[in-house]
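The values are calculated or read from the model by the stated rules, or taken from the named source; none is laboratory data. It should be emphasised that the depicted structure is a prediction, and the values quoted were computed from it without experimental measurement. FYI the Cβ positions are ideal-geometry reconstructions off the backbone, even for glycines, and counts take in every protein chain you see.
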């Protein structure tokens with residue numbers, strides 16, 4: 001049996017990244033035994049039923065790589081310096097270490113950038129050049145790698161293909177149900193948060209909706225979620241869910257999803273919910289344009305709550321979820337990421353020069 005080390009933003013309590021890990025584990029061949037590098041190995045082992053080790057261990061990580069055959073790097077926006085310049089250093093260092101141990105290296109479902117510093121760009125370019133196989137989840141990443149003369153496979157985010165688990169307890173909650181997924185971000189200042197809360201309050205009063213407020217990364221987002229619930233105490237509740245399959249299944253039971261986080265929008269759209277996107281990042285802009293999804297940029301919110309609540313009411317009443325054939329296509333194309341784990345195709349024999357066929 002082959003052994004593979006899986007590296008990503010795992011064990012950080014981020015629902016989107018845990019969904020990526022769940023999808024990666026779903027796509028791995030049965031002949032591959034995974035070991036996950038995690039910030040909280042015990043939590044990862046319990047949540048995903050997989051072996052894990054401390055991603056920061058100076059002894060454990062090299063030992064895991066030395067004992068493995070594959071290094072799988074991804075998915076998601078790992079090679080970017082928007083949140084920290086340490087990201088390229090960490091993930092690029094792991095890639096270099098994996099190559100030193102002569103592992104098969106796979107960059108899976110990558111979202112590359114933003115890379116604002118020249119040093120980050122250099123590290124990323126060198127790291128991707130060392131990969132045996134690469135898949136990316138967006139055209140911008142594919143184009144950047146092409147500029148670097150690096151081949152990659154382009155497919156939709158793999159979470160489109162994640163198998164969801166139903167959440168039957170949702171059926172006991174009053175309808176219509178609206179899910180809200182906001183995240184901590186410098187652009188979401190107090191005035192904009194209060195504007196969103198006023199608009200949600202107007203939406204709830206006008207439509208008698210039940211608000212499900214879901215922090216995707218509770219360590220960062222819970223305070224925002226609690227502020228919404230505290231200010232709209234009637235027919236609203238905080239939802240905490242660790243399981244990525246159940247998290248995706250939650251959206252099957254709601255009529256509208258208002259979300260900032262990319263994977264909340266993907267999960268919700270995949271489960272047939274109407275979506276309204278609040279973009280803070282080019283990756284959300286790209287998803288809005290591709291599907292397309294209604295919404296606006298966080299920096300372009302109106303100053304008054306009334307037009308925002310009216311737009312949500314219109315989306316709730318007359319918005320359309322993605323067509324079944326569109327969802328089938330996205331799921332099928334997302335499964336292309338799985339092809340990175342197939343054996344290399346046999347090499348065609350080359351004809352010797354000067355000989356006739």
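Here are the numbers for the structure shown:
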read-out	value
Residue match in region 5-12 (condition: modelled with pLDDT under 95, assigned to a loop (DSSP other than H, G, I, E, B), within 16 Å of the chain's Cα centre (by Cα) and within 30 Å of residue 222 (Cβ to Cβ))	no
Residue check, residue 204 closer than 28 Å to residue 303 by Cα and either in contact (Cβ under 8 Å) with a residue 12 or more places away in the chain or exposed (fewer than 15 other Cβ atoms within 10 Å of the Cβ) (or both)	yes
Breaking point among (1) under 30 Å from residue 270 (Cα atoms); (2) crowded, with 19+ Cβ neighbours inside 10 Å; (3) in contact with a strand residue (DSSP E or B) (Cβ under 6 Å, 6 or more places away or on another chain), for residue 33	(2)
Residue within region 315-334 that is under 15 Å from the mean Cα position of the chain (by Cα), more than 15 Å from residue 183 (Cβ to Cβ) and modelled with pLDDT under 95 present	no
Unique residue being more than 17 Å from the chain's Cα centre (by Cα) and either modelled with pLDDT under 95 or closer than 25 Å to residue 261 by Cα (or both) when the list is 25, 20, 97, 37	37
Verdict on residue 335 being outside any loop (DSSP other than H, G, I, E, B) and in the same structural domain as residue 191 (by TED's automatic domain parsing)	no
Selected residue (only one of 17, 69 is within 24 Å of residue 336 (Cα to Cα), outside the structural domain of residue 240 (by TED's automatic domain parsing) and surrounded by fewer than 20 Cβ atoms within 10 Å (Cβ to Cβ))	69
Residue 77, sole failed condition from (1) within 25 Å of residue 121 (Cα to Cα); (2) in contact with a strand residue (DSSP E or B) (Cβ under 6 Å, 6 or more places away or on another chain); (3) in contact (Cβ under 8 Å) with a residue 40 or more places away in the chain	(2)
Some residue of region 43-53 being surrounded by 24 or more Cβ atoms within 10 Å (Cβ to Cβ) and under 21 Å from residue 124 (Cβ atoms)	no
Residue tally, condition surrounded by fewer than 23 Cβ atoms within 10 Å (Cβ to Cβ) and at positive phi, over region 85-118	2
Of the criteria (1) within 20 Å of the chain's Cα centre (by Cα); (2) over 15 Å from residue 200 (Cα atoms), which one residue 260 fails	(2)
Exclusive hit being over 18 Å from the mean Cα position of the chain (by Cα), at pLDDT below 95 and assigned by TED's automatic domain parsing to the domain that holds residue 189, set 274, 310, 303	303
Which numbered condition residue 26 misses (of (1) crowded, with 16+ Cβ neighbours inside 10 Å; (2) touching a helix residue (DSSP H, G or I) at 6+ places or on another chain (Cβ under 8 Å); (3) under 26 Å from residue 251 (Cα atoms))	(1)
Elements of type helices (runs of 4 or more DSSP H) in region 232-304, at least 2 residues being without any contact (Cβ under 8 Å) to a residue 24 or more places away in the chain and within 27 Å of residue 328 (Cβ to Cβ)	282-290
Residue 64 being at positive phi and touching a strand residue (DSSP E or B) at 6+ places or on another chain (Cβ under 8 Å)	no
Number of the exception - residue 175 against (1) closer than 18 Å to residue 274 by Cβ; (2) surrounded by 17 or more Cβ atoms within 10 Å (Cβ to Cβ)	(2)
Residue 128 crowded, with 23+ Cβ neighbours inside 10 Å, at pLDDT 95 or above, touching a helix residue (DSSP H, G or I) at 6+ places or on another chain (Cβ under 9 Å) and more than 30 Å from residue 272 (Cα to Cα)	yes
